[in-house]
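The values are calculated or read from the model by the stated rules, or taken from the named source; none is laboratory data. Predicted model, so just to flag it, every value in this text is computed and none were measured. Cβ atoms come from the backbone with ideal geometry, glycine included; neighbour counts cover every protein chain shown.
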Amino acid sequence: MSSFRFEEAQPKDIDVIFQLVKELADHEGRPNAVTATPQALAALLFGDAAIAKSFVGYGNDKPVAYALVCKMFSSFRAKPILYIEDVLVTKTVQGSGYGRFMMAHLADYALKTGCCAMEWSALTTNGEAEAFYQRLGAEKENGRLHFDMGLDSLKLLAEQRGG
């Protein structure tokens, strides 16, 4: 592995993070899905009401990877879980060991912040990611469906609350 460092992002990193978010959307075949702005993302990561953290990976001092994480919890265990919202190693450096390094760093962060587990999702069409995560020791969860309700559906459902 060449020179690689993975560190918690600072407000000055927001443009780099935003570019990597757009790269992930492109990778997933959803370039138009990014409706965020750097300012809105910065508020969630660094503002007074921050709800998430970001880490940026640098290979030979160039940004080549990132992760966005937040806490959720397990009601069964009454403990926090680190949820990985985004994780990306750019195509130019995939296979370099950076992904394993990042996931190990996130596991350490999870443990140091009292988490009992890490969770994330991957596209069902991303067999490479699935194999990579399984090599790390992650287990694919069966028996659950992941649901997503967008803004329009949220509004329609909220209108049905009555009263």
In the stretch 92-144, anything over 15 Å from the mean Cα position of the chain (by Cα), hydroxyl-bearing (Ser, Thr, Tyr) and assigned to a loop (DSSP other than H, G, I, E, B) is listed as 96, 113, 124, 125
Could you list all residues from the stretch 103-136 that are within 11 Å of residue 84 (Cβ to Cβ) and among the charged types (D, E, K, R)?
-> 119
Is it fair to say residue 51 is closer than 20 Å to residue 83 by Cα, at pLDDT 95 or above and surrounded by fewer than 11 Cβ atoms within 10 Å (Cβ to Cβ)?
-> yes
Name every residue in the stretch 50-81 that is of a type in the set (Ser, Thr, Tyr) and either outside any strand (DSSP E or B) or free of Cβ contacts under 8 Å to residues at least 24 places away in the same chain (or both), in order of residue number.
-> 75
When the stretch 56-81 is examined, which residues are found to be out of contact with any Asp or Glu (no Cβ under 9 Å at 6 or more places or on another chain), surrounded by 13 or more Cβ atoms within 10 Å (Cβ to Cβ) and either aliphatic (A, V, I, L, M) or at positive phi (or both)?
-> 64, 65
Report yes if residue 4 is out of contact with any Asp or Glu (no Cβ under 7 Å at 6 or more places or on another chain), modelled with pLDDT under 95 and closer than 30 Å to residue 127 by Cβ, otherwise no.
-> yes
With respect to residue 43, is the statement that it is in contact with a Ser or Thr (Cβ under 7 Å, 6 or more places away or on another chain) and within 18 Å of residue 10 (Cα to Cα) true?
-> no
Condition test on residue 33, is it surrounded by fewer than 18 Cβ atoms within 10 Å (Cβ to Cβ) and of a type outside the set (Val, Ile, Thr)?
-> yes
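Filter the stretch 1-26 down to residues that are surrounded by 15 or more Cβ atoms within 10 Å (Cβ to Cβ) and closer than 19 Å to residue 99 by Cβ, then give me how many there are.
Pass one, the stretch 1-26, residues surrounded by 15 or more Cβ atoms within 10 Å (Cβ to Cβ): 4, 6, 9, 13-14, 16-18, 20-21, 23-25.
With the extra rule that they be closer than 19 Å to residue 99 by Cβ, the set shrinks to 4, 6, 9, 16-17, 20-21, 23-25.
Number satisfying all stated conditions: 10.
Sort through 42, 25 and tell me the only one that's in a helix (DSSP H, G or I), among the aliphatic types (A, V, I, L, M) and under 23 Å from residue 125 (Cβ atoms).
The unique qualifying residue is 25.
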Members of the stretch 82-93 found to be without any contact (Cβ under 8 Å) to a residue 40 or more places away in the chain and either crowded, with 16+ Cβ neighbours inside 10 Å or of a type in the set (Val, Ile, Thr) (or both), listed by number | 82, 83, 84, 87, 89, 92, 93
